[in-house]
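Here's the structure we're looking at; comments come further down.
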Amino acid sequence: MELTRWLWRRLHGNRLQTVLNAVIGLLSVVVSLLMVWAMQRAIDIASGFREGSIYWAVAVMGGLILCEFALSISRVWIKNILGVKAQNVMQLQMLDRLLRSEWRGRETRHSGDVMNRLEQDVRTVVTFITETLPSTVSTVVMFVGAFIYLWQMDRWLATITVAILPLFLAVSRIYVSQMRKFSRRVRNSDSEIQSLMTEAVQHRMLLKTLEAGSRVVERLGDQQSELRRHVRRRTQFSIASNLFVNGGFSLGYLVAFLWGAVRMSAKTITFGQMTAFLQLVNRIQGPARDLTRLAPAFVHVFTAAERLMELEEVPEEQQGEGIRMDEPCGVRLEGVSYTYDDGTEPVLNHLTFDFRPGTCTAILGETGAGKTTLVRLVLALMQPTEGRVVIYEERGTRNGERGRRNEEGGAISPLHRCNFVYVPQGNTLLSGSVRDNLLLAQHDATDDDLWRVLHMACADFVETLPQGLDTMLTEVGGGLSEGQAQRIAIARALLRDRPVMIFDEATSALDGDTERRLLANILADRRKTVLFITHRPAVVDYCDQSLTVG
């Protein structure tokens with residue numbers, strides 16, 4: 001039931017394409033049944049059983065054929081134009097939902113698996129909603145219309161033709177149940193393969209230096225063999241099911257042909273009626289065959305929808321307008337503890353500390369001591385297991401009253417994140433130009449603003465790049481050294497210009513002289529509250545206080 005409601009919500013966003021495809025499908029049914037009538041009429045006129053002009057009869061058939069061409073072209077146009085838009089919209093919605101979800105600290109799904117779901121599973125769901133559902137409607141209407149037409153001509157033949165349906169329904173129920181299991185295994189194997197290939201491409205330099213490329217390729221081959229095994233089992237089951245069902249349809253068609261042949265030999269029907277019989281039987285059995293082919297589509301969309309719903313299982317963060325604080329403001333930890341879901345020992349244990357407004361603090365500790373966890377708590381990416389993190393304004397500011405309320409009891413939330421600037425450890429540049437990377441912090445910044453923060457970040461080297469600000473970078477800032485990438489990331493943070501600035505080993509790739517000049521520029525404004533996660537003595541020397549974690 002929940003799966004059906006989820007698909008129904010997705011249908012609302014694609015109603016235009018779905019309705020257009022349904023209308024075209026219904027018109028195709030009308031044209032198809034009219035073609036049966038026109039062909040019967042033309043044959044009866046040609047064989048002398050009916051009066052009329054054979055030329056006009058053929059002209060009517062030609063007009064219906066042109067209508068079929070027009071409907072076919074319309075269907076292709078809608079699929080190629082609106083279909084791409086529908087897929088793009090759903091990918092945007094799913095990505096937006098992922099970015100708004102709570103941060104759980106340790107991701108349970110590989111990025112390759114997530115990408116596989118956003119690409120393959122989204123395409124499956126959109127195709128089902130915009131094409132398969134309208135096709136199902138027209139298929140059912142074709143079946144009912146052809147049955148009524150045949151019933152008017154010969155009730156016994158109509159009854160015999162649909163006698164196969166109970167068997168079809170029974171087999172379909174078993175088929176769908178089994179195919180969902182097979183399809184789930186296939187999709188999971190496909191995600192594992194994409195995850196491995198994503199990691200191999202991202203870390204190919206590491207694999208080359210470890211001379212481990214052949215082992216990764218061997219592992220990929222094993223996973224591909226597993227995928228082929230699941231696909232083979234699914235295909236074997238599908239073929240066996242189709243042979244059983246299609247055998248019944250073929251038997252029904254032979255019975256209909258024999259019935260019509262006997263009646264025509266007894267001269268109780270015309271040759272045109274015999275032709276109409278066979279075409280109507282085909283138009284009854286055709287939709288039934290289509291329904292058997294639709295069963296895999298329903299199976300695939302159920303599997304895809306379940307996988308996309310799993311991405312939405314993580315609750316959304318608190319949404320709303322950001323709560324801006326006046327600078328300088330501080331952050332205080334009050335008995336903060338945190339334990340990960342898969343851990344037994346707390347990473348942080350009743351930690352109390354005050355990052356006072358306008359101060360610079362060095363956060364020290366061994367690897368794994370909880371420094372990164374502390375930063376995530378301060379940024380409200382995670383919530384403490386015990387205690388609380390408070391953001392507060394310095395007393396005496398123009399919004400002092402609000403600041404005192406926050407100081408007294410306002411635990412930090414995602415709505416306070418607008419007061420922070422964060423430079424993570426490592427290379428965090430995206431593919432695109434230097435300008436594109438900087439404008440992530442402030443989309444309406446001028447060139448003067450960009451050059452100002454680049455100068456503050458000791459990134460004046462950008463002037464010497466081939467296209468300056470418009471120099472294109474590849475994935476993770478490819479084309480720059482680690483030190484250059486770090487300085488552009490720091491410039492991006494300075495452009496954001498918020499009261500609290502957090503740097504996670506942000507100067508690790510810089511030489512001593514550049515690091516000192518950069519620190520002097522950052523700390524020149526004493527209205528900023530700065531947190532440095534660092535192992536560098538030069539950074540500690542510039543700080544007012546230090547906090548050792550662990």
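The values are calculated or read from the model by the stated rules, or taken from the named source; none is laboratory data. From a predicted model like this one, the values you see are computed outputs, not experimental measurements. Methodologically, a virtual Cβ is constructed for each residue, glycine included, from the backbone with ideal geometry; neighbour enumeration extends over all protein chains shown. Surface accessibility is based on the protein's heavy atoms, side chains included, excluding ligands, DNA and RNA. Shrake-Rupley method; radii C 1.70, N 1.55, O 1.52, S 1.80 Å.
A few comments on the model shown:
- Unit charges on C-beta of K, R, D, E only; dipole of segment 422-493, Debye: 200 debye
- Inter-probe distance in nm under a simple model that places probes 7 Å from Cα toward Cβ, at ASP470 and TYR55: 6.7 nm
- Three-way shape call for segment 297-401 based on the alpha-carbon gyration tensor, with the a/c threshold at 1.5: oblate
- Percent of Cα-Cα distances greater than 31 Å, calculated over the chain: 65 percent
- Net charge of neighbours whose Cβ lies under 11 Å from the Cβ of TYR422, counting Lys and Arg as +1 and Asp and Glu as -1: +4
- In Å, descending, principal axis extents of the Cα set of segment 27-160: 82, 34, 19
- Between segment 415-453 and segment 315-351, the alpha-carbon center distance in angstrom: 24 Å
- Working from label points 7 Å from Cα in the Cα-to-Cβ sense, the GLU119 to THR548 distance is 4.9 nm.
- Descending Cα extents along the principal axes, segment 83-133, whole Å: 39, 18, 16
- With the charge dipole of the chain set up from +1 on Lys and Arg Cβ and -1 on Asp and Glu Cβ about the Cα centre, the Cα lying farthest toward the positive end among the listed residues ALA305, VAL19, PRO384 is that of VAL19.
- Under the Debye formula (equal points on every Cα, no solvent term), log10 I(q)/I(0) of segment 420-513 at q = 0.21 Å⁻¹: -1.03
- Mean Cβ count within 10 Å, highest first, over the residues of peptides 508-518, 69-79: 508-518, 69-79
- Take the Cβ atoms of ARG215 and HIS110, set R0 to 25 Å, and the FRET efficiency comes out at 0.85.
- Rounded if a/c under 1.5, otherwise prolate or oblate - segment 1-91, Cα gyration tensor axes: prolate
- The residues packed around GLN545, meaning those with a beta-carbon under 11 Å from its beta-carbon, carry a net charge of -1 if Lys and Arg are +1 and Asp and Glu are -1.
- Descending semi-axes in Å of segment 454-495, equivalent ellipsoid built from Cα gyration tensor: 15, 12, 9
- Value of relative contact order over the chain, rounded to a whole percent, pairs C-alpha under 8 Å and six or more apart: 15 percent
- Residue among ALA38, GLN425, GLY112 farthest towards the positive dipole end of the chain, charges placed on Cβ: ALA38
- When all protein chains stay in place and ligands, DNA and RNA are ignored, the 1.4 Å accessible-area order of TRP56, TRP8, TRP151, largest first, is TRP56, TRP8, TRP151.
- Rounded to the nearest 5, the antiparallel percentage of DSSP beta bridges internal to the chain is 50%.
- In the chain, the DSSP-assigned H stretches of four residues or longer account for a calculated mean residue ellipticity at 222 nm of -20500 deg cm²/dmol, using -39500 (n - 2.57) per stretch and the full residue count as denominator.
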